[in-house]
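Engineer: First, the structure itself, so that you have it in front of you.
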Amino acid sequence: QVQLVESGGGPVQAGGSLRLSCAASGRTFSSYTTAWFRQVPGKEREFVAGINSSGGTTYYADSVKGRFTISRDNAEKTVYLQMNSLKPDDTAVYFCTARFSRIVLSTPSNYPYWGQGTQVTVFS
């Protein structure tokens with residue numbers, strides 16, 4: 001199993017940047033694909049970005065392409081989400097997730113391990 005702890009959220013002005021971190025535990029972390037999802041109250045979880053277990057393949061939602069970058073450091077057992085050019089529509093609770101696979105999927109039901117979430121609020 002994998003435990004995930006997120007940090008880095010907070011308020012930020014539109015156009016600004018924020019970097020989220022996800023600290024993972026587990027001896028086999030390098031075998032897990034990880035992804036970031038986000039959620040606003042009353043709506044379903046939305047896929048944001050994913051990275052396969054080796055870190056060589058990434059996927060992004062159309063809404064964040066060119067602005068967000070997902071990365072991972074398996075030696076440090078950490079996943080990052082660099083968010084640039086933030087917009088008010090990016091406001092949400094962001095979750096770090098993991099699944100025991102080398103393939104990235106974009107549906108939340110495929111990820112059994114979730115962090116506690118971190119709030120990102122973008123104001124204009």
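Engineer: Just grab the label-to-label distance for Glu76 and Leu105, each label 7 Å out from Cα along the Cβ direction, in nm (one decimal).
Structural biologist: Inter-label distance under the simple model: 3.0 nm.
Engineer: What residues qualify as long-range amide H neighbours of Thr57, i.e. H under 5 Å apart, gap of 5 or more or another chain, H built at 1.01 Å from N?
Structural biologist: So Thr57 has HN proximity to Asn52.
Engineer: For the chain, which whole percent of the accessible surface, found with a 1.4 angstrom probe, sits on carbon and sulfur atoms? Walk me through the numbers on the way to the answer.
Structural biologist: Values: 3020 of 6310 Å².
Result for the chain: 48 percent of the exposed heavy-atom area is carbon or sulfur.
Engineer: Per residue and in Å³, how big is the convex hull formed by the alpha-carbon atoms of the chain?
Structural biologist: Details: hull volume 11.1 nm³, N = 124.
In the chain, the Cα hull volume divided by residue count equals 90 Å³.
Engineer: Mind putting a number on the dipole of the range 63-124 about its Cα centre? Charges go on the C-beta only, +1 for Lys and Arg and -1 for Asp and Glu, and I need it in Debye to the nearest 20. Don't jump to the answer; show the numbers that get you there.
Structural biologist: Numbers: 7 positive and 4 negative charges, 40 e Å.
Computed about the Cα centre, the dipole is about 200 debye.
Engineer: Give me the percent relative contact order of the chain, please, defined on Cα pairs under 8 angstrom at least 6 residues apart. Mind dumping the intermediate values first?
Structural biologist: Working: 317 pairs, mean separation 45.1, N = 124.
Once normalised by length, the contact order is 36 percent.
Engineer: Follow-up question, since we're still on this one. How do Thr69, Thr34 stack up against each other in accessible area, from largest to smallest, with a 1.4 angstrom probe?
Structural biologist: Thr69, Thr34
Engineer: Could you state the number of Å between the C-alpha centres of the range 88-124 and the range 1-79?
Structural biologist: What the calculation gives is 6 Å, centre to centre.
Engineer: If I take the Cα coordinates of the range 1-55 and project them onto the principal axes, what are the three extents in Å, biggest first?
Structural biologist: Cα spread of the range 1-55 along its principal axes, largest to smallest: 38, 24, 18 Å.
Engineer: Here's another thing I want to ask about it. Around Gln1, under 12 Å between beta carbons, what's the net of Lys plus Arg minus Asp minus Glu among the other residues? Before the final figure, lay out the partial values.
Structural biologist: Numbers: positive: Arg27, Arg99; negative: none.
Spelling it out: positives minus negatives among the neighbours equals +2.
Engineer: Hey, if we sort Leu86, Leu105 by accessible area with the 1.4 Å probe, largest down, what's the order? Let's see the in-between values first.
Structural biologist: Working: Leu86 5, Leu105 60 Å².
Accessible-area ranking of Leu86, Leu105, largest first: Leu105, Leu86.
Engineer: Within the range 18-124, which GluC sites (Glu not before Pro) sit in a loop by DSSP and count at most 14 neighbouring Cβ atoms inside 10 Å? Numbers along the way, then the final one.
Structural biologist: Details: sites: Glu44, Glu46, Glu76; in loops: Glu44, Glu76.
Of the GluC sites (Glu not before Pro), the ones in loops of the range 18-124 whose Cβ has at most 14 other Cβ atoms within 10 Å are Glu44, Glu76.
Engineer: Could you report the chain's accessible area per residue, 1.4 Å probe, as an integer in Å²?
Structural biologist: About 51 Å² of surface per residue is accessible.
Engineer: Over the chain, with a Gaussian network built from C-alpha contacts below 10 Å, which listed residue (Pro88, Pro41, Pro108) shows the highest mean-square fluctuation?
Structural biologist: Between Pro88, Pro41, Pro108, it is Pro41 that shows the largest mean-square fluctuation.
The values are calculated or read from the model by the stated rules, or taken from the named source; none is laboratory data. All figures in this text were calculated on a predicted structure; none of them were measured in a lab. Positions of Cβ are backbone-derived with ideal geometry, glycine not excepted, and every protein chain shown enters the neighbour counts. Surface accessibility is based on the protein's heavy atoms, side chains included, excluding ligands, DNA and RNA. Shrake-Rupley method; radii C 1.70, N 1.55, O 1.52, S 1.80 Å.
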